[in-house]
Structures are given as C-alpha cells and as structure tokens.
Amino acid sequence: MNRPITALLSALDAVIVVAIGVGIPLVPLTILWATQFGLAVDWLSFWRASGDLWLLGNGVDLLLTIDPAIALRLGVAGAELPFEVGIALLGFALVTVLLGVRSGRRLTATAYPVTGAVAGAVTLALFALLVCLGSRDPGALPSVGQSIVYPAFVYALGMAIGYAWATRRVAPVEFGPGSAIRQRWAARIAAIAPGDRGLVVLAFRAGAIAAAAVVGISAVAMALILVFNFSSIVSLYESLQSGLMGGIALTLAQLALLPNLIVWTASWFVGPGFALGAGSAVSPLGTQLGLVPSLPVLGALPHGTAALGFLGLLVPVAVGYFTAAALRPGYLASVEGRAGRGLRLGLTAVGAGAVGASILALLALWSGGAAGPGRLAEVGPDAGWVWVWAFLELTVSMLLGLIAGASRRGAADTL
C-alpha cells in the first residue's frame with residue numbers, strides 16, 4: 001500500500017472506533033426510547049447521552065446542570081449548582097484501546113506506520129470533536145479541549161501497544177527525519193554495558209509483570225465477590241424497579257464501570273483502598289460508607305472491618321516475590337563476573353518496584369474522579385498512596401525474591 005491508501009485506511013479505522021464506541025450505549029438507549037417511551041421523547045436526547053457517555057469513558061469531563069426541582073428531590077448537597085463529573089467509565093476506554101491495538105498491529109504490514117498512526121489519531125480527534133459539539137446541551141457540557149485530546153490519546157496508546165507487540169515486519173518501516181534521532185539514541189544505548197542494559201530491561205519487565213498480575217488477581221477476586229454477593233445485587237435490582245430495558249441499560253452501565261471496580265480492588269489489595277465519597281473508605285483496615293450511588297454492583301461492597309482484610313496485603317508481596325524469583329536467571333546472567341553486585345541488586349529491585357507502582361498508580365488515577373456533587377466529588381483510590389504502598393511492597397518482595405533465587409546458585413552468586 002502506498003502512503004495515501006495507508007492514511008485513508010487508518011482514518012477509516014478511527015471512524016469505526018468512534019461509531020462502535022458511541023453505538024454501544026446508543027443501541028440499547030434507542031430500544032428503550034422505542035419500547036418504554038413510545039417514541040414520545042426526542043431521540044436526540046438519547047444521542048447526546050450516548051455521546052456524553054463515550055466521551056466520559058475516554059476521560060472527558062462533563063459539566064452537569066440539574067433542574068432545581070429535581071435537585072431538591074434528590075436531596076444531594078450541591079446538586080442545585082453546576083458540577084463536574086470526571087470519573088471515566090473505563091469500559092469505553094478499554095474498547096478504544098483494544099481497537100487501537102488492532103489498528104496498530106495492522107500498521108506493521110504497511111511501509112508507512114507513522115503516517116497511518118498520525119492519520120488515525122487526527123481523524124479520531126476530529127470525530128471526537130464532532131461528537132462533543134453534537135452532544136452539547138445546557139444540562140451536560142463536555143469539555144471541548146479534552147474531547148480533542150483524550151480520546152485520540154487513548155486510541156494512540158492502543159496503536160502503540162499493538163505495534164510494539166507485533167513481531168512480524170512484512171515491509172520496511174518508515175521513520176523519515178526521525179531516523180537520525182533514533183540512530184543517536186541507539187548509539188547511546190549501545191554504549192551502555194550489556195549487563196546493565198539487561199538489568200534495566202529486567203526491572204521494566206518485572207515491574208510490568210507484577211502490576212499485570214495484581215490487576216489479574218483483582219479481576220478474579222472481583223468475579224468471586226460478585227458471585228458470592230449475587231443475592232444482594234439482585235435485591236438492589238428489584239428495589240430500583242427499572243423494568244426490562246431499564247435493567248439492560250443499567251447492566252451495560254455497570255459493565256462499563258467494571259474495569260474501574262477491578263482497579264479499585266487492586267488498590268484494596270495494595271493497601272490504601274478507595275473512597276466512594278468524601279469521608280468514606282474501603283480498605284483492608286475496614287469499611288466506612290455513607291450514602292452511595294444506587295448501583296446494584298455496589299451491593300457487593302464489604303461492611304465493617306474485614307477479619308481477614310490484612311491477608312489481602314499479601315497479594316502484591318507474593319506477586320513481587322514470585323515474579324523476581326522467576327526472573328532470577330536474567331539477573332544472574334547480567335551480573336555474572338561483575339563487581340558491585342549488591343548495588344546492582346538493590347537498584348534492580350528499586351527500579352522494578354518503581355515501574356510496577358507507577359503502573360498501578362496511573363491506573364488508580366485514571367479510574368477515579370468526581371462522580372457527582374458534594375461528597376461524591378471524591379470517588380476512587382488515592383493514586384499517591386497507591387504508589388507509595390505498592391513501591392514499598394514490590395521493592396522489598398522483589399529484593400527478597402532476587403536474593404532467594406540467587407542463593408540457589410550458591411552464596412557467591414547472591415551479591
């Protein structure tokens with residue numbers, strides 16, 4: 001494929017991403033409009049709601065204004081004034097990333113991956129702006145600037161991941177003027193001792209594996225929590241009396257929130273936990289909740305102090321230990337026959353802990369935000385405390401894992 005065709009196909013991919021993202025909430029909302037509202041309500045309201053949900057899910061803040069009479073009936077402090085909602089429904093972002101991964105892998109089969117990536121990101125930014133302008137309403141105003149930047153960034157992140165994971169190259173890669181910069185960086189990297197380069201790669205790999213393992217265990221734990229608390233969740237569904245289509249729409253909204261819940265579970269395992277409003281806390285130390293949003297999935301939240309809550313803190317510790325032990329051959333190969341092994345051991349553990357903690361903290365930052373007025377302006381984990389706790393747990397456990405793994409090769413190989 002030549003350059004124009006590559007750019008055109010990448011732009012088409014971006015259009016499909018926007019269509020799928022907006023269509024996920026629009027289809028059930030349209031069915032709801034036809035069945036329960038009898039086509040009596042303006043359909044554009046459902047279109048605007050779908051556009052707002054997609055933008056919100058990709059990180060765009062919404063400025064909401066509620067009618068004073070409705071705000072009074074809600075009884076939520078601050079609801080009578082305009083307020084921002086900034087919590088991203090990460091299910092939408094996950095769809096954008098996965099479709100971006102697909103596009104990134106397809107770009108490896110072209111001679112112009114950079115051109116294709118730029119065309120895709122720019123096209124998605126343009127259509128996200130169109131969705132923003134078409135969704136604006138006095139009651140819900142998405143940020144125009146964020147609409148241009150955030151969805152395109154999420155999509156570009158997916159393309160970068162897809163391109164990095166692709167191992168097969170069927171055409172020469174185009175880098176243009178950037179090739180000279182790449183050559184200079186390659187020369188600088190080549191000047192570093194191979195052993196030290198290996199330790200840097202090992203630190204990044206160990207941190208990424210540990211963070212992924214913590215999130216994976218959290219996903220399994222979240223699934224078990226939902227199964228064991230199924231009766232409470234069903235009771236909340238019945239109390240809402242939302243009807244068939246309303247229940248389907250509510251379920252889709254909770255599925256979009258499910259990645260957030262998994263990240264919050266990971267924050268619980270790490271230690272700081274998360275909040276569901278100012279003054280609330282859900283952590284291994286105990287649970288203190290006030291009024292929470294009427295989402296059935298929140299019926300699975302623990303109540304009071306968990307007797308075995310501290311056992312959750314062993315998850316990141318065990319993950320760090322076994323990750324380091326599994327990667328010890330790479331560490332031993334990098335330090336073999338070299339002086340200063342103790343320093344390199346410590347720096348490798350610190351680097352791996354910092355990488356894993358940074359990934360978990362970024363996920364925590366992305367998963368939280370304002371979910372409403374008043375006390376609901378603070379929802380989700382505290383990313384700073386997640387980083388501190390995860391860094392200490394992963395660094396110490398990885399240090400022990402590297403030492404224990406190395407000791408099997410003999411005391412002389414340990415430090």
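The values are calculated or read from the model by the stated rules, or taken from the named source; none is laboratory data. Worth saying up front: this structure is predicted, and the values here are computed from it rather than measured. Cβ placement follows ideal geometry from the backbone for every residue including glycine, while neighbour counts extend to all protein chains displayed. Heads up: the accessible areas ignore ligands, DNA and RNA and are worked out on the full protein's heavy atoms, side chains in. Shrake-Rupley method; radii C 1.70, N 1.55, O 1.52, S 1.80 Å.
Sort through GLY312, GLY299 and tell me the only one that's modelled with pLDDT under 80, open to solvent by less than 30 Å² (accessible area, probe 1.4 Å) and assigned to a helix (DSSP H, G or I). Break it down into steps so the answer makes sense when it comes.
Values: GLY312 fails: modelled with pLDDT under 80.
The conditions single out GLY299.
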- [ ] Run LEU291 past the list (1) modelled with pLDDT under 80; (2) surrounded by 12 or more Cβ atoms within 10 Å (Cβ to Cβ); (3) out of contact with any helix residue (DSSP H, G or I) (no Cβ under 9 Å at 6 or more places or on another chain) and report the number of the one that doesn't hold.
- [x] (3)
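Residue by residue, here is whether (1) modelled with pLDDT of 85 or more; (2) surrounded by 20 or more Cβ atoms within 10 Å (Cβ to Cβ) holds:
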| residue | (1), (2) |
| --- | --- |
| GLU336 | no, no |
| GLY346 | yes, no |
| LEU376 | no, yes |
| SER407 | no, no |
TODO: Have a look at ILE248, ILE225, ILE262, ILE209 and point out the one that is modelled with pLDDT under 90, of a type outside the set (Asp, Glu), open to solvent by 20 Å² or more (accessible area, probe 1.4 Å) and within 27 Å of LEU365 (Cβ to Cβ).
DONE: ILE225
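Each row is one residue, and each column tells you yes or no for (1) of a type in the set (Phe, Trp, Tyr); (2) under 25 Å from THR65 (Cβ atoms); (3) open to solvent by less than 60 Å² (accessible area, probe 1.4 Å).
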site: LEU94; (1), (2), (3): no, no, no
site: GLY100; (1), (2), (3): no, no, yes
site: GLY120; (1), (2), (3): no, no, yes
site: LEU124; (1), (2), (3): no, no, yes
site: PHE127; (1), (2), (3): yes, no, no
site: PRO138; (1), (2), (3): no, yes, no
site: SER147; (1), (2), (3): no, yes, yes
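Suppose the filter is part of a helix (DSSP H, G or I) and free of Cβ contacts under 8 Å to residues at least 60 places away in the same chain; does VAL227 pass it?
Values: part of a helix (DSSP H, G or I): yes; free of Cβ contacts under 8 Å to residues at least 60 places away in the same chain: yes.
When the stated conditions are applied, VAL227 passes them.
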TODO: Those residues that are more than 18 Å from THR115 (Cβ to Cβ), surrounded by 15 or more Cβ atoms within 10 Å (Cβ to Cβ) and polar (S, T, N, Q), I need them from region 1-35; list them, please.
DONE: THR30
Open item on the list: I need the full set of residues from region 102-116 which are open to solvent by less than 30 Å² (accessible area, probe 1.4 Å) and under 22 Å from the mean Cα position of the chain (by Cα), in order please.
Closed with: SER103, GLY104
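Pull up region 38-62, narrow it to residues that are on the phi > 0 side of the Ramachandran plot and either without any contact (Cβ under 8 Å) to a residue 24 or more places away in the chain or assigned to a helix (DSSP H, G or I) (or both), then point me to the one that is least open to solvent (accessible area, probe 1.4 Å). Before the answer, list the steps.
Here is the first cut: in region 38-62, the residues on the phi > 0 side of the Ramachandran plot are 38-39, 59.
Those still in the list that are either without any contact (Cβ under 8 Å) to a residue 24 or more places away in the chain or assigned to a helix (DSSP H, G or I) (or both) too: 38-39.
Values: GLY38: 52, LEU39: 103 Å².
Among them, the one singled out is GLY38.
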